[in-house]
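Working notes, structure below.
The numbers here are math on the coordinates, done by the rules we state, and not lab data. Keep in mind that what you see is a predicted model, and the values were worked out from it rather than measured. Here the Cβ positions follow ideal geometry from the backbone for every residue, glycine too, while neighbour counts run over all protein chains shown.
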């Protein structure tokens with residue numbers, strides 16, 4: 001009877017040791033979240049919201065009798081905010097290898113959105129330069145709508161990643177506060 005109990009205990013310990021050994025490579029291979037990347041994502045969120053506001057205003061201008069100069073000023077404001085966002089995204093790209101897998105995925109998903117937004121904005125500026133007296137025409141309205149849609153899509157994606165980061169951080173803080181085993185410990 002005692003021998004059977006010893007085998008059960010030692011068998012349980014062996015399984016436990018095996019589980020620990022199997023989880024060890026995964027724990028070290030997965031990078032933890034980078035606080036610097038999290039901060040830059042929040043900064044990117046701020047700039048993306050400014051671009052979204054600019055694009056929304058530009059789209060509303062197409063339903064008014066405002067001059068082409070007013071449209072031009074709005075496009076210049078939008079260009080400045082896109083450039084500011086681009087600077088933050090460059091920093092994110094430079095730090096990408098230091099991020100956790102979800103942070104790397106966030107950066108990878110934001111890059112093409114920013115590129116599309118910059119391309120659309122450039123096309124809109126070029127169109128306005130060539131068609132200054134046609135800001136109320138359907139072609140220009142399509143450009144403005146395209147800017148709005150891309151800005152909205154970009155800000156939503158960044159918002160989702162920032163929200164995920166905050167929720168993940170809150171969950172981890174609660175795990176520590178309640179002294180719960182982390183997800184890696186239970187696997």
*asked:* I want to check the label-to-label distance for residue 142 and residue 90. Put each point 7 Å from Cα in the C-beta direction and report it in nm to one decimal.
replied: 3.3 nm
_Step by step: find N for the stretch 35-186, compute 2.2 N^0.38 Å, then divide the Cα radius of gyration by it. What's the final number?_
1.28
